[in-house]
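Here the structure is laid out as structure tokens; the discussion comes afterwards.
Each reported figure results from applying straightforward, stated rules to the coordinates on display, with no laboratory input. Note that the coordinates shown come from a computational prediction; the quantities given were computed from them, not determined experimentally. Using ideal geometry, Cβ is built from the backbone for each residue, glycine included, and neighbour counts are taken over all protein chains shown.
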Amino acid sequence: MNRLRNAAGLLLFGLMPLIAVQACGPDFFPDVFVRKLSPGDPKEFAQGKLGLLLPTYTRVDLAVAFRYLNGGALNAEEQSGYLPVRSDYEATEAKEPRPFPTRAPSPEPKDLWKVERSRYPNPFFPEKWERRMTGKNPDGSDYDFDYPNCLDDAFKTATQTLQARATTWGPRSPELANWLTGQDAVFSNCSGSGTMPTPAAAPALLRADRAYQIAAAHFYATDFPAARAAFEAIHQDATSPWQPIAGYLTARCLVRQAFLSAPLANYGDFASFNAPLMNQAADLLHTLLKEPNSPEIATALRNELDMVRFRTEPAHRLSEVAAALSDATHDPDYAQHLQDLDLVLNMRTQETPIREDTYISPPDSSKSDKIDRQALAKTEAEYRAAKFNAGYQKTVDLRANA
């Protein structure tokens, strides 16, 4: 009996390779033993567990690694700052399984404004929040472009102010209805020629709000001289609740005008701008930083000045950012510096190979019926090497200052 059982077992074991087994879904990613585009575990990587570093990692990943290799470390705040910056590059990892689950996106500020505004009569929402403009190419020809005109902070401020004024005046008060009419007029200028809010008579808080709404409407309508004059007047009014931020917005008028009054952006030069206006903005920001400011306003002024200085004195600013990222001393602006460094490198190396393994489309050989494979391979290698050398020389100033 035992022999029969053993024989049956051996027979079943021999038939196993012939039995087809199909597993249920879902489909799975292929095995990946070495991630080429990013660290396998970003959180552990941020803690200094670097593993095998590859030159194909994103720049922010390599900047983190350099801090550790330079004898430093990231504290908890810097580690948390690195992770959101790194998430901007998840789209480049489409060919690799994601190392962590996708988080549900948070509601956008403009959506929260829509929800709050819908609680009151006659809500107004433009079809889009971007504005189309026509500019001039260096050769004199025209070009059209869209740019985000009304940004997240505008919707956050409007939502918070609406909630506060509803508490102060009452949700069904004529003062709040007047404020809503003014704010709708402001946002009507986000995507095109809208209307201007009309001055308010009373109470004093509504008059102050209306002055701010008029300045903002001029800003979104791209009437920057009028917006700047209005914000300057508010900055001189110590009774206005908008006085603390008005100086910062005066500088924003100069910065926005500097970008929009320039010819088509030349990415090789890190975006074009009107140099006199940008320098004027830098001078104003330096002056405003000398005034008494709240910590929030001071931070906003410094961040704006840092952005401006990347245009007015790029080599100096790049050197500062590189030193802050690589130094062993902890950097309170680590996340912002990572974004700034990556932005500069992306703009300056746009479509330029910076590694010899970067894919470049070789010269088209599909039109030839007879292809010399060996000669083609040599042509491709020479082509890639030439492009790499050109890109390497193009970034000599960046490497000298970073």
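Show me, for the stretch 327-337, the HN-Hα J-couplings you get by feeding each phi into the Karplus relation (A = 6.51, B = -1.76, C = 1.60, θ = phi - 60°), rounded to Hz, glycine and proline as x.
Each residue's phi maps through the Karplus curve to give 5, 5, 5, 5, 10, x, 10, 4, 4, 5, 5 Hz.
Multiply the residue gap between Ala201 and Val34 by 0.36 nm, knock off their C-alpha separation, and tell me the result in nm, one decimal place.
53.3 nm
Which residues does a label at His316 reach in the stretch 289-310, if reach means a backbone N under 11 Å from a point 7 Å past the Cα toward the Cβ?
Under cut-off, by backbone N: 309-310.
Taking the Cα centre of the stretch 197-294 as origin and charging only Cβ (+1 Lys, Arg; -1 Asp, Glu), how large is the dipole, in debye to the nearest 20?
Once rounded to the nearest 20, the dipole reads 140 debye.
What is the extension gain from Asn389 to Glu108, computed as 0.36 nm multiplied by their sequence separation minus the C-alpha to C-alpha distance, in nm to one decimal?
So the chain would gain 96.8 nm between Asn389 and Glu108.
Highest mean first, how do 285-297, 235-247 rank when packing is the count of other Cβ atoms within 10 Å averaged over residues?
Averaged packing, sorted descending, gives the order 235-247, 285-297.
Would you mind putting 298-308, 115-125 in packing order, based on average other-beta-carbon counts within 10 Å, highest first?
Top of the packing list down: 298-308, 115-125.
Amide H to amide H under 5 Å from Arg131: which residues, 5+ apart in sequence or cross-chain, H placed 1.01 Å off N in plane?
The answer is Tyr147, Asn149.
Over the C-alpha atoms of the stretch 124-207, what are the Rg and the largest Cα-to-Cα span, Dmax, in Å?
16.8, 57
Set the Förster radius R0 to 45 Å, insert the Cβ-Cβ distance between Ala164 and Asp142 as r into 1/(1 + (r/R0)^6), and round the FRET efficiency to 0.05.
0.55
Quick check on packing: order 211-222, 151-162 by the mean number of other C-beta atoms within 10 Å, highest mean leading.
In decreasing order of mean packing, 211-222, 151-162 become 211-222, 151-162.
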